[in-house]
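See structure below.
The values are calculated or read from the model by the stated rules, or taken from the named source; none is laboratory data. The shown structure was predicted, so the numbers you read here are calculated from the model rather than taken from an experiment. So basically every Cβ, Gly included, is an ideal-geometry build from the backbone, and we count neighbours across all protein chains shown. The accessibility values were calculated without ligands, DNA or RNA, using every heavy atom of the protein model including side chains. Shrake-Rupley method; radii C 1.70, N 1.55, O 1.52, S 1.80 Å.
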Amino acid sequence: MNSKVWIVAKREYLTRVQKKSFIIVTLLTPLGIAVFAIVMGLIMNAGSKSDQRIIIKDETGIIQQIAAEDKSFPYEFSDSDVHKLKEDYQSMGYDLLIYVPALRDSSSMSISASYYSKEKPSLSMLEAIESHLADKIETFRMRKSNIDRHLLDSFKARVNLENGAMDPNHPGGTVATGKLNIIIGTALGFIMGFMMYLVIFIYGSMVMRSVMEEKLSRIVEVMVSSVKPINLMMGKLIGVGGVGLTQLALWAFLIPIVLAIAHALIPGVDPSTMTGMGNVTQVNEGSFDNFSFHQVYDTIFSMKWWLILPVFIIFFLGGYFIYSSLFAAMGSAINEDMGEGQQLMMPIVIVVLCAFYMLFPVLSNPNGGLAVFASLFPLFSPIIMPARLAFDPPWWQIVLSIVIMLCTVWFFIWLTSRIYRVGILMYGKKATIKEMIKWIRYSD
């Protein structure tokens, strides 16, 4: 590494890491995530519980008869006239009136009931009510037909698909299941992809602000008198990248600890609601309740961390250099008008958002055509390929993706350095895409 690049990188790294704001943010961010997780978990748990009072007018008599045997049935019944109930149910302290008319055909599969409410109830509440009413009618019909519920349940079958290629004699003593691998792989893939998405914006914007501040304060004019613009830009990218790696390493250590403490302090909060990612993918067995702690532990530690972590760092650095070099070029082209920066950043933001939203279909089908394309396309691969690592993509795809990405890093640094060398010394002239293309063509 050029000695001047090292000096600039060291200066960028130390000035940022030694700031009180860096230390405070690095330490408080895991705590903030824990507080956010606790609050969101409590809100979601509280929001799922209804405190509304519901009264039912049952003309069939069936639901009320069967519900009388169920002490946990959450609704109340009334024998009053339905017309009177429509007028008085609110004054009686009820929020919702359910009217079930008499059945014309006792064997009908579809039963039409009505609800009356001043406010629109939620869809989940209506579905819960429908489920409770249907369950009581089904119980009545089974009794009438002399069908034993236990006998009926014994006819049901559950098929569990597992990976037959996995070793049943796992040395840990607890078999890591194929479904559990998929669940953990999906969660890990989303987390890694989301981290890359945040890194690109946080540290790319940090590089952009640093370039803008030095340009607008005219400090850069003094610096380029002793350091070539390309060395100055590379020093910034390396220094801020080092700050990013330091911060991510500390967060990777601290965040799991504070989340585990938060969950231990509030055991009633579901971990899936704490992360806010309970529905990342539609997996029927998407809950850890079906697996023992030892199975989860065994599956996590049986993953190929010797491959996942180094490759993740490579894509972290590759994605950071690609997008940060673009942010540096945009920062050098901006003058006092900050609106220019928003216009110039828009194409970068659109590309990053496209890559992020590809995460969801890719995690649903991690070996499909879209996943392979996005893993190889260098502007998407820093986000998509780390998300696929937990699903063991073919080694040639990983190697090819890394090679393409590294070539793209070299090309973007060469390209953006030509914009940077002109832009940092250009004042008073509004930069456009067309103007920056001219800067690229300028000879050294």
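Filtering region 113-153 to residues that are within 40 Å of the chain's Cα centre (by Cα) and of a type in the set (Gly, Ala, Ser) leaves Ala113, Ser114, Ser117, Ser122, Ser124, Ala128, Ser131, Ala134. Per the listing Pro256, Pro229, the residue uniquely closer than 30 Å to Leu425 by Cα and open to solvent by 20 Å² or more (accessible area, probe 1.4 Å) is Pro229. Considering only residues that are over 11 Å from Ile255 (Cβ atoms), modelled with pLDDT under 85 and either polar (S, T, N, Q) or surrounded by fewer than 17 Cβ atoms within 10 Å (Cβ to Cβ) (or both), which ones fall in region 27-38? Matches in region 27-38: Val35, Phe36. Within the set Leu353, Leu406, Leu370, Leu379, the sole residue that is more than 23 Å from Met303 (Cα to Cα) and not in a helix (DSSP H, G or I) turns out to be Leu379.
Gly41 falls short on exactly one of the conditions (1) assigned to a helix (DSSP H, G or I); (2) open to solvent by less than 70 Å² (accessible area, probe 1.4 Å); (3) modelled with pLDDT of 80 or more, and that condition is (3).
The requirement of being open to solvent by less than 10 Å² (accessible area, probe 1.4 Å) and over 26 Å from Ile419 (Cα atoms) is not satisfied by Leu309. Out of the residues in region 63-105 meeting the condition of being among the hydroxyl-bearing types (Ser, Thr, Tyr) and without any contact (Cβ under 8 Å) to a residue 12 or more places away in the chain, tell me which one is surrounded by the most Cβ atoms within 10 Å (Cβ to Cβ). Ranking the candidates gives Ser91 first. Here Ser124 fulfils each of the conditions (1) more than 30 Å from Pro366 (Cβ to Cβ); (2) open to solvent by less than 70 Å² (accessible area, probe 1.4 Å); (3) at pLDDT below 85 apart from (2).
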